[in-house]
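The values are calculated or read from the model by the stated rules, or taken from the named source; none is laboratory data. Since the structure is predicted, the reported quantities are computational estimates derived from the model, not experimental observations. Here the Cβ is made from the backbone with ideal geometry for all residues, glycine too, and neighbour counts use every protein chain on show. Surface areas here come from the heavy atoms of the whole protein model, side chains and all, with no ligands, DNA or RNA. Shrake-Rupley method; radii C 1.70, N 1.55, O 1.52, S 1.80 Å.
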Amino acid sequence: MNTLGSGLKIIGSGTAIADQSLTNQDLSNIVETSDEWIQSRTGMRQRYICSAHENLASLGVKAGQKALAMARLQPEDLDLIILATSTPDDLFGSAAQIQGGLGASRAFAFDITAACSGFVVGLNVAAQFLRTGVYQRVLLVGGDVLSRWVDWSDRTTCVLFGDGAGAVVLQRQAQDNLLAFEMYTDGSSNGCLNLAYQAVSQRLTAGKTVAQGTYQPITMNGREVYRFAVAKVPEIIEKVLFKAQLTTPDLDWVILHQANQRIMDAVGDRLGIPSEKIISNVGQYGNTSAASIPLALDQAVREGKIKEGDLIALAGFGAGLTWAASIVRW
């Protein structure tokens, strides 16, 4: 076991965006909607969607390469790759495809599924491997290609989702820059947001059948998801602040899952956090599920907003229903 220390730090970040921009005007040619209707309800102006030659693994590799470059590491330096996604290219998982694409030959790789909470859950999972000294460097990728599973005739959902991937490199060190975390699930509300498997009974032989089918497009009770988010997200952020012995004025930045500008505004209001501290790029990218927090994080780092030593609250929420939060020092 290495004796570098029992903490961790994010030392690099990167993103990858799908190659096609889909504007609100484009959507108005597909369903009955308008730029004004979408922006007033979501804050979104455009989102990016994968073309036929792109997939989740290719986005994950690009994001990982950028994160490694910022960290000044080579793929062979990685011990572990964690992919947070709900839309793998292969139902057996896509983390191994990213490992192969990067050439990270020493790294073990696996997927986790926690929908829009996935990146924060993945951060908290990675921390356990680093704190125990089992691994020294971890690449965490959050990515989704939800355009595959959108009903493009449903204007309540098709305007929301975009494709992308974000990644961070985590390194073991003496000082722990993950100050606190919390994670929760409410399975009794699972039906509010689903990408469900629908099976059809198929007879094999006398008295024996199997259920075969495929996944159906995303369904969502938007009102209930909104109520859930504006109630639970402020609460969990207050809990992680308490665990870290901090208060909201101590925070330099808040990065929420980029689901809807209204939700982010409501969370900020309930916590008394000024809007200028809440990082938002939902207008540019839409809801990219597990990719949304690392996309916003990387953009803020590269724009020079987030600086060494800044305190950041991260909070994801979504299908499950799940919600998770962490306090990190950059």
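Taking amide hydrogens as placed 1.01 Å from N in the peptide plane, the amide H of A84 sits under 5 Å from those of I112, V141, G142, G143, each at least 5 positions away in sequence or on another chain. Normalised by the number of residues in segment 74-173, the mean separation of alpha-carbon contacts (under 8 Å, six or more apart) gives a relative contact order of 31 percent. The charge dipole of the chain, taken about its Cα centre with unit charges on the Cβ of Lys, Arg, Asp and Glu (plus for the first two, minus for the last two), comes to roughly 500 debye.
Measuring with a 1.4 Å probe in the full set of protein chains, what accessible area per residue, in whole Å², belongs to the chain?
On the way: 14070 Å² over 330 residues.
The answer is 43 Å² per residue.
What part of the accessible area of the chain, given as a whole %, is carbon or sulfur when the probe is 1.4 angstrom? Walk me through the numbers before you get to the answer.
Working: 6970 of 14070 Å².
Carbon and sulfur atoms account for 50 percent of the accessible area of the chain.
Given a Förster distance of 41 angstrom, what is the FRET efficiency for A196 paired with E235, based on the Cβ-Cβ distance and rounded to 0.05? It would help to have the intermediate numbers written out before the result.
Values: r = 28 Å, r/R0 = 0.68.
The computed FRET efficiency comes out at 0.90.
For a straight C-alpha distance cut-off of 26 angstrom, the lysines reachable from K277 (same-chain residues fewer than eight places away being disregarded) are K9, K66, K232, K239, K243, K305, K307. Residue ranges 35-43, 74-82 sort as 74-82, 35-43 when ordered by packing (mean number of other C-beta atoms within 10 Å per residue, highest first).
Picking from N221, P294, S275, whose Cα lies most toward the positive end of the charge dipole for segment 216-295 (charges on Cβ: Lys, Arg +1; Asp, Glu -1)? After comparing all options, I get N221.
Given R0 = 51 Å, the distance between the Cβ atoms of Q39 and A206 translates into a calculated FRET efficiency of 0.30.
With R₀ fixed at 35 Å, the C-beta to C-beta distance from N221 to S51 puts the FRET efficiency at about 0.70. Here is the tail figure for segment 227-269: Cα pairs spaced more than 15 Å apart come to 41 percent of all pairs.
Other residues within the sphere of radius under 11 Å centred on the Cβ of A107, judged by their own Cβ, net out at -1 (K and R +1, D and E -1).
Relative protection proxy for 288-296, 54-62, 242-250, from highest mean packing down: 288-296, 54-62, 242-250 (other beta-carbon atoms within 10 angstrom).
Here segment 220-319 is assigned +1 on the Cβ of each Lys and Arg and -1 on the Cβ of each Asp and Glu. Its dipole about the Cα centre then comes out at about 280 debye. Excluding N281 itself, what net charge comes from residues whose Cβ is under 13 Å from its Cβ, given Lys and Arg +1 and Asp and Glu -1? Computed value for this residue: +2.
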